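What follows is one structure encoded as structure tokens, with my remarks underneath.
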Amino acid sequence: MRLIGIVFALMCITAYSACDKEPLDILPSRPELALTVYPRSVDLYPGEVTRYSLSVSGASDAQILNAHYELDSDAAGIVTGDGTYTAGEVPGLYQLTVTATVQHGGRTFIKSATASITITEKPCPGTLTVYYEGASATGHENIAYYFIAAESEDGIEESHWYLAGDDARWFTEDDLLTERSLTSWSIDGNNTVQWTEVYWLDTFDGTWYSYAYEIHEDPEGRRRDIYYFEPGEDGAWGVLNRKEYVFGSSDRLDEVYDWAYTGSSPTLAKRTSFDYESDVRRVRYEYNTPGTDGTWFTSDDEISRLASEEYLDYTFMIPSQITTNDSPGMDGVWGTSDDSVKRIEVWSYEDAGQVLVEYVDYYDRGNDGRWLTADDMGLATKYQYYENGEQSGIEYYDELGALVGTKRIFYCTLSIVE
């Protein structure tokens, strides 16, 4: 017995700092694994969609084998096995719970995490168009500005543009009204007349400015546009410039005249003419000066730009490709092979040209020196639609293919909210 006591005492000395204290941590501890779900909280309108992702911390070799997503209420909406969540129609506070099987060190562990969900009733007056900055385009966050359009009882369409303020959310106290427009329609003989007044805020000095434009259009689509600068003390709008469209005998657009006004006297500032090569192809010539003789419509009128335009259907103005040249090249003759190309615009469609899905504006032909090859530099715009065919949004991409902005469109029937 005495020998046993001696051995026990030696064990106390070697394995413990003191026999009446906790043992020293002489074995490596097992890492504490933690599961995290992103985003941890969302604020969405009914029907909006977000995608959840998971990460595990605590060990570099930890892997998520599978995950199960569960909402605390059927009213919260729907979440699929890949973490795609669609907000329900009932506003309220909800919770998402994720349970995952995690593998580490040859063993499996069950871990869970939660995320909060807020569904807010959509205060959508008329048509609400929201512009998001960056790649995120869900919920109320990352709002750059938004646009509201609604028609009043007397038939006047009113539109408001707002900056979203420092909180980058819509419909909050720091939103700033930066533009307001009023549009009305009337009949003048056989012409439909659209009158629009636009009031906009200079956000640097806080001054409001205004301009207006008037569009006259006959049943065949012939039109005349007049632009006005803000009215003076007498309240009358002053004519700034006028755009006149001239159609030929085949009801095709032949010329466009841009008139500038000094007082009440118009001066032709620019003219554009069209040469039709086929039913789906035309050439556009832009003239900015009347040449050395100073007289328009003579042989020395100077072309400033030439564009070759191709259409799927010219009647409905469905373009497929437009190539714009800004120089006649070394031979000095426009419309030849050495013209300098400034840009090429390309439109892509589905359903035989009925649905526009992508527009790309190529402005640089890349290192190979050839246009419409893989290394061209361009800005892309992609279009999305609701099931009923109404446009639901637009995505904007930079030269490297990165998503830099998004527009989302919601359609409602309420009136303008001041």
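The values are calculated or read from the model by the stated rules, or taken from the named source; none is laboratory data. Please read these numbers as outputs of a predicted model, since none were measured by experiment. No Cβ is skipped: glycine too gets one built from the backbone with ideal geometry, and neighbour counts run over all protein chains shown.
Any idea how many residues of region 59-117 are among the polar types (S, T, N, Q) and either in contact (Cβ under 8 Å) with a residue 40 or more places away in the chain or within 17 Å of V49 (Cβ to Cβ) (or both)? Summing the residues that are among the polar types (S, T, N, Q) and either in contact (Cβ under 8 Å) with a residue 40 or more places away in the chain or within 17 Å of V49 (Cβ to Cβ) (or both) in region 59-117 gives 9. Scanning region 260-305 for residues that are over 22 Å from S250 (Cβ atoms) and touching a residue at least 40 places away in the same chain (Cβ under 8 Å) returns no hits.
Restricted to region 86-98, and to residues there that are modelled with pLDDT under 95 and crowded, with 19+ Cβ neighbours inside 10 Å, the residue that is farthest from E32 (Cα to Cα) is G88. Within region 104-160, if we keep just the residues that are farther than 27 Å from G405 by Cβ and among the basic types (K, R), the residue that is modelled with the highest pLDDT turns out to be K111. For region 229-253, taking the residues that are charged (D, E, K, R), closer than 30 Å to R281 by Cβ and in a loop (DSSP other than H, G, I, E, B), the one that is modelled with the lowest pLDDT is identified as D251.
A residue that is aromatic (F, W, Y), under 28 Å from the mean Cα position of the chain (by Cα) and under 13 Å from A100 (Cβ atoms) can be found somewhere in region 51-62. If you go through region 200-219 and keep only what is surrounded by fewer than 16 Cβ atoms within 10 Å (Cβ to Cβ) and farther than 25 Å from D258 by Cβ, you end up with D202, T203, F204, D205, G206, T207, W208. Output the residues belonging to region 162-202 that are closer than 20 Å to Y145 by Cβ, modelled with pLDDT of 90 or more and of a type in the set (V, I, T). Residues satisfying the conditions are T178, T183, T196, V198.
The rows are residues; the columns are (1) aromatic (F, W, Y); (2) under 30 Å from T86 (Cα atoms); (3) outside any strand (DSSP E or B).
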| residue | (1), (2), (3) |
| --- | --- |
| Y146 | yes, yes, no |
| L182 | no, no, no |
| W200 | yes, no, no |
| W208 | yes, no, no |
| H216 | no, no, no |
| D225 | no, no, no |
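A single entry from L356, L372 fulfils the requirement of being closer than 30 Å to T127 by Cβ and not polar (S, T, N, Q): L356.
Those strands (runs of 3 or more DSSP E) of region 314-418 in which 1 or more residues are acidic (D, E) and surrounded by 12 or more Cβ atoms within 10 Å (Cβ to Cβ) occupy 318-327, 340-350, 355-364, 391-397. Filtering A59, A67, A75 for residues that are aliphatic (A, V, I, L, M) and part of a loop (DSSP other than H, G, I, E, B) leaves a single hit, A59. For T272, the conditions (1) polar (S, T, N, Q); (2) within 35 Å of the chain's Cα centre (by Cα); (3) outside any strand (DSSP E or B) all hold with the exception of (3). Counting residues in region 287-300 that are among the charged types (D, E, K, R) and either surrounded by 14 or more Cβ atoms within 10 Å (Cβ to Cβ) or in a strand (DSSP E or B) (or both) gives zero.
Each residue in region 271-304 was checked for being within 20 Å of N241 (Cα to Cα) and among the charged types (D, E, K, R), and 2 pass.
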